[in-house]
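Participant: Quick one: the structure is below, and I'll ask about it shortly.
The values are calculated or read from the model by the stated rules, or taken from the named source; none is laboratory data. All values reported here derive from a predicted model rather than from experimental measurement. Glycine also receives a Cβ, built like all others from the backbone with ideal geometry; neighbour counts cover every protein chain displayed. The protein model used for the area step is the full one, side chains on, heavy atoms only, and it has no ligands, DNA or RNA in it. Shrake-Rupley method; radii C 1.70, N 1.55, O 1.52, S 1.80 Å.
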Amino acid sequence: MTLDEWTKTAWTILGVRPLTLKNYQYKYDKHLKIRFGCQELAKIDRKQIQLWALESSPTVGRSCLPVLSSLFRCAVDYELIPANPCHGIKKKPHVVPKRSHILLDELADEVDKRYREPVLFVAMHGLRASEA
């Protein structure tokens, strides 16, 4: 039985709220079906899932791994596979992008001396250009 075949049954017995089910189905169709859909359920191993999680963006990996784990957990409950291969998968760390704005202390050094006070006032009070 392939993962695609199993998901058709699993969606009906998963026991999640309708909105959660809709989100799970979307994530499966968009991200997981391409990689794992045609593979035999018993032949999908932890190594394949780990490689997929590392190749995917951190957001995709973190949002889709619970979907895949739920499908495998349900397969374990129905004794289609011996264990859930998603257990212990390491997710790709989320990297915080470098800030694109300067800090207030740096702003004072960057601005011409004659405009420093008005610019700092606007920055400290969060005014828009039209409000300034």
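Participant: In region 9-22, which residue that is without any contact (Cβ under 8 Å) to a residue 40 or more places away in the chain and part of a helix (DSSP H, G or I) is most open to solvent (accessible area, probe 1.4 Å)?
Facilitator: First, pick out the residues of region 9-22 that are without any contact (Cβ under 8 Å) to a residue 40 or more places away in the chain: 9, 11-12, 15, 17-22.
In the following step, the residues that additionally are part of a helix (DSSP H, G or I) were identified as 9, 11-12, 18-22.
Working: Thr9: 63, Trp11: 40, Thr12: 108, Pro18: 110, Leu19: 119, Thr20: 35, Leu21: 37, Lys22: 136 Å².
That would be Lys22.
Participant: Now for a different question. I'd like to verify a number: residues in region 70-105 that are touching a Pro at 6+ places or on another chain (Cβ under 9 Å) and either closer than 19 Å to Gly37 by Cα or modelled with pLDDT of 95 or more (or both), how many?
Facilitator: Total meeting the criteria: 3.
Participant: Moving on to the next point. Filter region 52-109 for residues that are open to solvent by 30 Å² or more (accessible area, probe 1.4 Å), among the hydroxyl-bearing types (Ser, Thr, Tyr) and within 17 Å of the chain's Cα centre (by Cα) and give the result.
Facilitator: Answer for region 52-109, where residues must be open to solvent by 30 Å² or more (accessible area, probe 1.4 Å), among the hydroxyl-bearing types (Ser, Thr, Tyr) and within 17 Å of the chain's Cα centre (by Cα): Ser57, Thr59, Ser63.
Participant: Checking Tyr26 against (1) in contact with a helix residue (DSSP H, G or I) (Cβ under 7 Å, 6 or more places away or on another chain); (2) within 30 Å of Pro97 (Cβ to Cβ); (3) among the aromatic types (Phe, Trp, Tyr); (4) open to solvent by 20 Å² or more (accessible area, probe 1.4 Å), which single condition isn't satisfied?
Facilitator: (1)
Participant: Checking Lys33 against (1) modelled with pLDDT of 95 or more; (2) in contact with an Asp or Glu (Cβ under 9 Å, 6 or more places away or on another chain); (3) not hydroxyl-bearing (Ser, Thr, Tyr); (4) not in a helix (DSSP H, G or I): exactly one of these is not met. Which one?
Facilitator: Checking Lys33 against (1) modelled with pLDDT of 95 or more; (2) in contact with an Asp or Glu (Cβ under 9 Å, 6 or more places away or on another chain); (3) not hydroxyl-bearing (Ser, Thr, Tyr); (4) not in a helix (DSSP H, G or I), the one that fails is (4).
Participant: Please find, within region 94-132, the residue that is nearest to Glu55 (Cα to Cα) out of those that are touching a helix residue (DSSP H, G or I) at 6+ places or on another chain (Cβ under 7 Å) and in a loop (DSSP other than H, G, I, E, B).
Facilitator: His94
Participant: Let me ask something else about it. Here is a check on your reading of the model: is Gln48 open to solvent by 30 Å² or more (accessible area, probe 1.4 Å) and touching a strand residue (DSSP E or B) at 6+ places or on another chain (Cβ under 7 Å)? Full working, then the answer.
Facilitator: Numbers: open to solvent by 30 Å² or more (accessible area, probe 1.4 Å): yes; touching a strand residue (DSSP E or B) at 6+ places or on another chain (Cβ under 7 Å): no.
No.
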